[in-house]
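The values are calculated or read from the model by the stated rules, or taken from the named source; none is laboratory data. This one's a predicted model, so the numbers in the text were calculated from it and none came from an experiment. Here the Cβ is made from the backbone with ideal geometry for all residues, glycine too, and neighbour counts use every protein chain on show. Note: accessible area is taken over every heavy atom of the protein model, side chains too, but ligands, DNA and RNA are not part of it. Shrake-Rupley method; radii C 1.70, N 1.55, O 1.52, S 1.80 Å.
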Amino acid sequence: MHQFQIDDLNDLALGCTLLGSGGGGDPRYELIMTRCAMEQGKSVNILSIDELSKDDLIIPVAYMGAPLVSLEKLPTGREFLPIFDMIEKHAGRAPTALIAFEIGGSNALCPLMLAAQLGLPVVDGDLLGRAFPKVYMTSCEVNGITASPAFLGDVMGNSVQVQANHSFALENLCRAMTVEMGSSCALALYLMDGEQAKQAIISGSISQALSIGRALAGNVPIQEAVVQSCGGSFIAQGMLMDVQQEVKDGFLMGKALLETQVGTICIDYQNEYLLAYCENQVLAVTPDIIALIDTESRLPITSDNLKYGMRLSLFSIPSPAIWKTEAGLKLVGPEAFNYHINHENLRIA
Amino acid sequence: MNAQSFYRIGIDIGGTNTDAVLVDNSDKIIASTKVPTTPDIHSGFKEAIKTVIETAQIAPRNIKAVLMGTTHATNAILQGRDLYRVGVLRLSGHHPHLFPVGYGWPKLLVDNILAGCETINGGFECDGRVITTLDTPEIHNALEKLAYQGAESIAIVGTFSPIDPTQEIEAAEIAKDLFGAHFPLSLSHELGAIGFIERENTAILNGALKNVMSKGFKELYAVLDALSLKCPLTITQNNGSLISLQRAINYPILTISAGPTNSFIGAMRLSGADDAIVVDIGGTSTDIGYVQNGFPRRSLNATSIGGIQLNFPMPDVISLALGGGSLVCPLSGKIGPQSVGKDILSKAQAFGGNSLTLFDTALAAGDFSCANIHQLPTISKEFACDVLSTACKQIQDSVALMSGGQKNLPILMVGGGSELLSPDLLGQYYQLPQHFSVANAYGAALAEVTGVANKVISLNNRETALESLKTQAYEAAAKEGALQDTIRIVDIQITPYHYVPNHMARVSIVTAGRKQW
């Protein structure tokens, strides 16, 4: 166990933004809230996976809903208080540790913000190793941990416990509840004991995000920094020529066009960047993490912040191994997003 | 002289100097002048206008407009002076306790500006439902508490007020009943878009700046009267277009980056290039910008002033602490960041003072000469040349960053300090256009009128919705007096809101056009 330093928050946020693969939301507001929570509250301890035991009750936490809403209706952490009451009644014991649901994007900071207020430690890990659009796209799902019961809470003190017979149904029920709660609410699901967590989570996520962030914030040339900190590869750099959004299958699908020396690269996204290709040649694809880093500022840019004229460097970072298994690919591989790839050639359904 | 000739005056009121140009209908500069900015503002303003009118020998009735830009509001924030103390009323029924007002602000501004903050019932959800309803007695109590804490100005910020302004307006009515109809109020929904923290910052700074604009600027109308000028007095706002002086006094935050905008546009028009990098070297700082298609490129990243995050569009500017009055260390050759600023005529070595400035260094290097100097600077020519080399490198590096690899762009040098660095030292594309020292006043004279259509709409029928907004933006520019065939779209920003029902997006379309004065 070691204490998390407030001074590391900026670097952590940077690394989490890159791991978000364009999704997960810009963490700049959560960063402020977490810093305030840590300044005003208790110190935050990080637990390594080895320190967990069967007696632990681990709660994965996240905010669900529109990142836009948390830019206006600022999160407080108090949304989780009614959830924790419900969990204790349900489990017959109190939670002993928190874990980030996803390390990609602003949700990575959620357990730290909560920990400073509740006095619970945070496990160094998460359930995705990046960000994805749906709540069932987790390592726990692949490893047989059930998502239900899931718990939702809002800042006015309302809370809901959801029991679904399948994770896909849980996703739909939670989305509907989130809209009713103002399109942003607190979420806890995939509750585990310590032994289950050791089998099912992705370990070391906080440490990895921190080292990526330190590399981005440092002086090493950006391509080297990304290669060294997360094994990523540089694909190309250029200027953002067009950003298009359209509605498809209930999701806001986007396409960004990057004008580079190797040609026009198209980046497809559903919040998260999922596919990069140039004239039907695949350059990077889910589950690998795709990063668009501003060439001047070295900041990873989220899909909701893409703007015409930005000068960006495109990178591909290998995903956690679990996503490359057969079960993993079924959940989050190209086919799961309707990208049909045959020998690196592309057909989009 | 053609009896049908009409003229305009462009003015820039800077921290050090007030510059003026008088231009004819073909935008030719007939007369120009530079006078020291006076503490009361209007004396320098009067002298500058009088001088150009007399030099050009034009009858006042032939002057059709006075167009003004100023860095006054910017300087007040940077220096933390002449600002009202602001009380903040947050309409947020969910009580965001993890975000104190003014978090991350420089201490100087927190101490000078923030009187207090009261968070009370109110606010909206993203779909227009209320978070909690307003409570009138609670609003009364909160306002009285802020007044007790010394608030001279109130900023009202409601959660999701850009989607529904009614709560902010209702709270403002109560404030007017309590404090009087003329008490300074800033309503956040009039000033910024989605993004509570940045919009709150904007509303607070606006409230603080109402002091500096009401001092000295209200008298400007009287100056025009005294000079028999019966024409409109307008002021440039952040995007280089015009608002009335009265609007600028009510919404001073809108004028914040008009200074660089004017000098970038002025430089571009003096040189005739539609695409160029502009380097504006002043007394204390150098601003570098990029004009594309005749407009300064907007910053694509978060904008800020004085270390405070804001969220309205501003031109992309790289600012270097490098100017004519910058102090140069006689041992290391380090330039700035301190500067003697407007005291250069007393403090620089060349004028008998003790400070070694960049101005003195340019004299010692030999490429630059000036009348009225009292003594030669004490440094060697070699040392001086080295320092100038360093200054040139800083500028060249920033120009490279700003142009993003674009080669062959003309690089236009403007501002009073531009004479100090010869284009030969800097590189083949560097030019010093005619009238370079008054480029900012010229830019003000050229300011166009803009129309804005700004709305949160559904993207379900993207093309239809956009067409409709484009038409509104054209009509808005025409309403401001723009000539129909000069109106064009200068910016489209589409911000989609993820995961919100109906695929909502904020769309902002800006048009611009020339006004026939």
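A few points about this structure:
- For the range A:279-297, a residue qualifies if it is open to solvent by 10 Å² or more (accessible area, probe 1.4 Å) and more than 12 Å from chain B (Cβ to nearest Cβ), and the qualifying residues are A:279, A:280, A:281, A:282, A:283, A:285, A:288.
- Any hit, the range A:218-240, residues being within 14 Å of another protein chain (Cβ to nearest Cβ) and open to solvent by 30 Å² or more (accessible area, probe 1.4 Å): yes
- Conditions (1) free of Cβ contacts under 8 Å to residues at least 24 places away in the same chain; (2) within 14 Å of chain B (Cβ to nearest Cβ); (3) open to solvent by less than 50 Å² (accessible area, probe 1.4 Å); number of the one not met by residue A:172: (3)
- Considering residues of the range B:188-204 that are of a type outside the set (S, T, N, Q) and over 19 Å from residue B:508 (Cβ atoms) only, the residue nearest to the other protein chains (Cβ to nearest Cβ): B:197
- Of all residues making up the range B:411-461, the number that are open to solvent by less than 60 Å² (accessible area, probe 1.4 Å) and either within 14 Å of chain A (Cβ to nearest Cβ) or in a strand (DSSP E or B) (or both): 14
- Scanning the range A:139-160 for residues that are open to solvent by less than 30 Å² (accessible area, probe 1.4 Å) and without any contact (Cβ under 8 Å) to a residue 60 or more places away in the chain returns A:145, A:147, A:148, A:149, A:150.
- Top-ranked residue in the range A:255-299 [being among the acidic types (Asp, Glu) and not in a strand (DSSP E or B); ranked as farthest from residue A:223 (Cα to Cα)]: A:279
- Among the numbered conditions (1) surrounded by fewer than 24 Cβ atoms within 10 Å (Cβ to Cβ); (2) modelled with pLDDT of 95 or more; (3) away from every other protein chain (no Cβ under 14 Å), the only one that residue B:112 does not meet is (2).
- Residue list for the range B:110-133, filter: in contact with a strand residue (DSSP E or B) (Cβ under 7 Å, 6 or more places away or on another chain) and of a type outside the set (Gly, Ala, Ser): B:113, B:114, B:117, B:118, B:119, B:120, B:124, B:130, B:131
- Apart from one condition, residue B:304 fits all of (1) under 13 Å from the mean Cα position of the chain (by Cα); (2) open to solvent by less than 50 Å² (accessible area, probe 1.4 Å); (3) without any contact (Cβ under 8 Å) to a residue 24 or more places away in the chain; the exception is (2).
- Residue count for the range A:27-46, restricted to those that are more than 10 Å from chain B (Cβ to nearest Cβ) and closer than 27 Å to residue A:268 by Cα: 1.
- A single entry from A:240, A:152 fulfils the requirement of being in contact with a strand residue (DSSP E or B) (Cβ under 8 Å, 6 or more places away or on another chain) and at pLDDT 95 or above: A:152.
- Taken together, B:128, B:104 contain a single residue that is within 24 Å of residue A:66 (Cα to Cα), within 14 Å of chain A (Cβ to nearest Cβ) and in a loop (DSSP other than H, G, I, E, B), which is B:128.
- The number of residues in the range A:300-316 that are within 12 Å of chain B (Cβ to nearest Cβ), out of contact with any helix residue (DSSP H, G or I) (no Cβ under 9 Å at 6 or more places or on another chain) and either among the polar types (S, T, N, Q) or farther than 14 Å from residue A:223 by Cβ (or both) comes to 8.
- Residue in the range B:390-410 that is nearest to residue B:290 (Cα to Cα), counting only those that are among the polar types (S, T, N, Q) and open to solvent by 70 Å² or more (accessible area, probe 1.4 Å): B:406
- Every residue from the range A:11-69 that is of a type in the set (Gly, Ala, Ser) and open to solvent by 30 Å² or more (accessible area, probe 1.4 Å): A:41, A:43, A:48, A:53
- Residue under evaluation residue A:79, criteria (1) on the phi < 0 side of the Ramachandran plot; (2) within 14 Å of another protein chain (Cβ to nearest Cβ); (3) open to solvent by 10 Å² or more (accessible area, probe 1.4 Å); (4) within 19 Å of the chain's Cα centre (by Cα), criterion not met: (4)
- Selection count, the range B:253-298, where residues are more than 19 Å from residue B:16 (Cβ to Cβ), open to solvent by 30 Å² or more (accessible area, probe 1.4 Å) and of a type outside the set (A, V, I, L, M): 10
- With respect to (1) farther than 30 Å from residue A:298 by Cα; (2) surrounded by fewer than 19 Cβ atoms within 10 Å (Cβ to Cβ), the lone exception for residue A:190 is condition (2).
- Cβ-Cβ contacts under 8 Å between residues 6 or more apart (or on different chains), taken from a first residue in the range B:51-69 that is under 18 Å from residue B:439 (Cα atoms) and hydroxyl-bearing (Ser, Thr, Tyr) to a second residue that is modelled with pLDDT of 95 or more and open to solvent by less than 30 Å² (accessible area, probe 1.4 Å), are listed as B:51/B:20; B:51/B:31; B:51/B:33.
- Flag for residue A:95 being modelled with pLDDT of 95 or more, in a helix (DSSP H, G or I) and within 10 Å of residue A:59 (Cα to Cα): no
- If only residues of the range B:462-491 that are of a type in the set (Val, Ile, Thr), open to solvent by 30 Å² or more (accessible area, probe 1.4 Å) and at pLDDT 80 or above are counted, the one that is farthest from the chain's Cα centre (by Cα) is B:464.
- Condition broken by residue A:276, with the remaining ones in (1) away from every other protein chain (no Cβ under 14 Å); (2) of a type outside the set (Lys, Arg); (3) open to solvent by 20 Å² or more (accessible area, probe 1.4 Å) satisfied: (3)
- The range B:311-368, subset buried (at least 18 other Cβ atoms within 10 Å of the Cβ) and of a type in the set (Asp, Glu), residue modelled with the highest pLDDT: B:360
- Residue ID - nearest to the other protein chains (Cβ to nearest Cβ), chosen from residues in the range A:317-333 that are over 16 Å from the mean Cα position of the chain (by Cα) and touching a residue at least 60 places away in the same chain (Cβ under 8 Å): A:328
- Sole residue being within 22 Å of residue B:297 (Cβ to Cβ) and either touching a residue at least 12 places away in the same chain (Cβ under 8 Å) or of a type in the set (D, E, K, R) (or both), chosen from A:283, A:299, A:216: A:299
- Residue ID - nearest to residue B:196 (Cα to Cα), chosen from residues in the range B:89-101 that are touching a helix residue (DSSP H, G or I) at 6+ places or on another chain (Cβ under 7 Å) and not in a loop (DSSP other than H, G, I, E, B): B:91
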